[in-house]
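Trainee: Have a look at the structure that comes next, please.
The values are calculated or read from the model by the stated rules, or taken from the named source; none is laboratory data. Not measured: the values here are computed from a predicted model. Every residue, glycine among them, receives a Cβ derived from its backbone with ideal geometry; neighbour counts consider all protein chains shown. Ligands, DNA and RNA are excluded from the accessible area calculation, which covers all protein heavy atoms including side chains. Shrake-Rupley method; radii C 1.70, N 1.55, O 1.52, S 1.80 Å.
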Amino acid sequence: MSAGDFYAVSVEEQADRLGQLARAALPHWGENWGEPSLIKHRENAVFAISDDAGRRAVLRIHRHAYHSDAELLSELQWMQALHEAGLVVPAVIAASNGASFVHVSHPLVPEPRQIDVLGWVPGAPIGAIEDMPTDDPEGLAQIYHHIGVLAAKVHDQAQAWPLPEGFTRHAWDKDGLLGPEPFWGRFWELPALSSSQIALLQRAREAAAADLDRIGTGSDIYSIIHADFVPENVFADNSNLALIDFDDAGFGWHMFELATALFFLQDHPHYPAIRSALFAGYEQQRPGKADPSLLPLFLFLRSTTYLGWVHTRPEVETAKELTPLLIEMACRQAEEYLGAKR
């Protein structure tokens, strides 16, 4: 085996090699950590770790070349600022040399990887995109009311927080979503799209660009955002909610955040109650700062990012499985958005 065949081996073999890289990285945080245990391996590889005293933490091995060092440092700075502001997000555990993350190499992994360690967040995800509960509509609405409050608190902090010198992240702005080189890829070039579907998406793309120009980027509606408020990233511990996985965090509209929270729930039988609860929670914390009439626009924008994601990752099994569904949803969002403008 060699590093050169890393991307040709199975996902399981890749995860095993990244586990060896995790073991090689742990001494940067001291010598009293036990064996890393894989939690997930998607874009990043995430491992649970614990020390001799029973303290639990999470070790992240970042995908190669997604974020520069400056961008990753900025992500960790924002997470720490949110943690210090009282929001339940993972704390950043510095390495022994004081660094927020380190670079580590291993003979079986082709590139040095950025690796960080984060504090353990109690609780469990509120659900999964493909399997949200349907038997407790009142409980689900209550959770999404709390999620609305949480999103608003994140945006309050972001709006008031003076960015550290050198802070840099990608942007889910007009260019990042609709420009010639969107952040997640040229969604209109996805080979599985038909010519009529491409034409529909391009009409909506043109209209959305004009709408974003009209809306603008004032600080009360646009700031650094989490950008991935999906059920897997919201943890519940009794009545407390925590937010994890800031990998996609960047500058964007607050409504894009709320659209992300709702996107995969639109076919849920209790979606109207979920949507109302989310906006009610947000309104409670940030009165007058979210406009539900803009939801069709931002649901369409969110749909285009997922098409770009599968377009740029054709070899990933998840992308292959989801492409037909994501095309169907994007075209539906485009039609609903354009229909709402008539």
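Trainee: Report the accessible area of LYS341, computed with a 1.4 Å probe over the heavy atoms of all protein chains in place, in Å² rounded to the nearest 10.
Mentor: Approximately 100 Å² for this residue.
Trainee: Continuing with this model, one more query. Looking at the stretch 1-64, what % of the alpha carbon pairs are farther apart than 19 Å?
Mentor: The calculated P(r) of the stretch 1-64 puts 31 percent of pairs beyond 19 Å.
Trainee: Next question, about the same structure. State, as an integer percentage, the relative contact order of the chain based on alpha-carbon contacts under 8 Å between residues 6 or more apart. Don't jump to the answer; show the numbers that get you there.
Mentor: Values: 540 pairs, mean separation 61.1, N = 342.
Over the chain, the number comes to 18 percent.
Trainee: Within the chain, what whole-number % of the accessible surface is contributed by carbon and sulfur, with the 1.4 Å probe and all protein chains included in the calculation?
Mentor: On the way: 7830 of 15030 Å².
Answer for the chain: carbon and sulfur cover 52 percent of the accessible area.
Trainee: What do you get for the angle between helix 271-285 and the principal long axis of the chain? Use alpha-carbon atoms, 0 to 90 degrees, nearest ten.
Mentor: 80
Trainee: For LYS341, which lysines qualify as cross-link partners when the Cα separation must be under 30 Å and same-chain residues fewer than eight apart are set aside?
Mentor: LYS341 reaches LYS174, LYS289.
Trainee: Now for a different question. So I have [x] 20.3, 64; [y] 24.9, 79; [z] 24.2, 83, and one of them is Rg and Dmax of the Cα atoms in Å calculated from this model. Which one is it?
Mentor: So the structure-derived entry is [x].
Trainee: Let's see if you can work this out: charge +1 on each Lys and Arg Cβ, -1 on each Asp and Glu Cβ, no other charges. What is the dipole magnitude of the stretch 89-205 about its Cα centre, in debye to the nearest 20? Could you put the intermediate results ahead of the total?
Mentor: Values: 7 positive and 13 negative charges, 83 e Å.
Charge dipole of the stretch 89-205: 400 debye, to the nearest 20.
Trainee: With a 1.4 Å probe and every protein chain left in place, work out the accessible area per residue of the chain in Å², rounded to a whole number.
Mentor: On the way: 15030 Å² over 342 residues.
Result: 44 Å² of accessible area for each residue.
Trainee: For the chain, what does -39500 (n - 2.57) per DSSP helix run (n ≥ 4), summed and divided by total residues, give at 222 nm, in deg cm²/dmol to the nearest 500?
Mentor: -14500 deg cm²/dmol
Trainee: Follow-up question, since we're still on this one. For the stretch 242-342, what's the relative contact order in percent, using C-alpha pairs closer than 8 Å and at least 6 residues apart?
Mentor: 28
Trainee: Could you state the angle between the C-alpha long axis of helix 317-341 and the longest principal axis of the C-alpha atoms of the chain, as a value from 0 to 90 degrees rounded to the nearest 10?
Mentor: 30
Trainee: For a quick protection proxy, order the peptides 139-146, 192-199 by their average other-Cβ count within 10 Å, most packed first. Before the final figure, lay out each step's value.
Mentor: Details: 139-146: 19.6, 192-199: 13.1.
The packing order, highest mean first, is 139-146, 192-199.
Trainee: Ignoring ligands, DNA and RNA, how do THR312, THR323 rank by accessible area with a 1.4 Å probe, largest first?
Mentor: THR312, THR323
Trainee: Sticking with this structure for a sec: Which listed residue (TYR282, ILE129, LEU140) has the Cα farthest towards the positive end of the charge dipole for the chain, taking +1 on Lys and Arg C-beta and -1 on Asp and Glu C-beta about the Cα centre?
Mentor: Checked the options; the winner is TYR282.
Trainee: Next question. Could you tell me which GluC sites (Glu not before Pro) in the stretch 43-111 are loop residues by DSSP with no more than 16 other beta carbons within 10 angstrom of their beta carbon?
Mentor: Passing both the DSSP loop test and the Cβ count: GLU43.
Trainee: OK, next. Report, to one decimal in Å, the Kirkwood hydrodynamic radius for the stretch 9-108 based on all distinct Cα pairs. The partial results should precede the final answer.
Mentor: Numbers: mean 1/r = 0.0689 Å⁻¹.
For the stretch 9-108, inverting the mean 1/r across all distinct Cα pairs yields 14.5 Å.
Trainee: What is the distance in Å between the Cα centres of the stretch 254-272 and the stretch 131-194?
Mentor: Cα centroid to Cα centroid, the span is 11 Å.
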